[in-house]
């Protein structure tokens, strides 16, 4: 399939420098996607992505369980039309499914295949909180993700967090993370 050219439109989003790239201050979250007859409306999703890309909002955030496990496949299908370097794709390792350190690689490779990409720009331990903290530690998720980063399967290593400030400080100080994604509602 031919890659789409990204045509820039008026009203570009503001961007900030991060590492060796710039990131838009707004992203397209793929937790809730347009639905029609109980399925993801791929035509509408394609329009949304095209609009986002045209306005510089080229950051897409998905996760294993979003839209009942269908988000990664859907966003991968739409994004494959664009040159890989033209977008930033973030995904998350579902900590609740990790039963051994080997599961981290298995899940990441599955997610890469579903998203139809060879690497994630940002990949994180998903949803560190009081219920998942011990599982994340017991299975050395950070150590396993560092291996994937060294292999080039992920560029930036982080975690999404749903705990209290004390636990946040603890997790941040345990390792050398590239970023943390906090859920803030405004």
dims of the chain, Cα set, principal axes, largest to smallest, nearest Å -> 45, 35, 35
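Specify, per residue and in Å³, the volume enclosed by the convex hull of the alpha carbon atoms belonging to region 113-186.
Each residue corresponds to 114 Å³ of Cα convex hull volume.
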In region 15-182 the DSSP beta bridges are antiparallel at a rate, in percent to nearest 5, of 25
Percent relative contact order for the chain, counting Cα pairs under 8 Å at least six residues apart, stands at 17
In this structure, the FRET efficiency calculated for residue 54 and residue 116 from their beta-carbon separation, with R0 = 30 Å, to the nearest 0.05, is 0.90
Long-range alpha-carbon pairs in region 63-156, meaning those over 16 Å apart, account in percent for 52
Mean Cβ-within-10 Å packing, highest first, puts peptides 33-44, 88-99 in the order 88-99, 33-44
Helix 42-54 sits off the longest principal axis of the Cα atoms of the chain, rounded to the nearest 10 on a 0 to 90 degree scale, by 90
Taking Cα atoms only, helix 165-174 is inclined relative to the longest principal axis of the chain by an angle, in degrees rounded to 10, of 80
Between the alpha carbon centres of region 8-28 and region 145-186 the gap in Å comes to 21
Between the Cα axis of helix 141-150 and the main Cα principal axis of the chain, the angle (0 to 90°, nearest 10) is 50
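Coordinate-derived values only; no laboratory data. In this text the structure is predicted, and so the values were computed from the model without any measurement. A quick note on method: Cβ atoms are made from the backbone with ideal geometry, for glycine too, and the neighbour counts reach across all protein chains shown.
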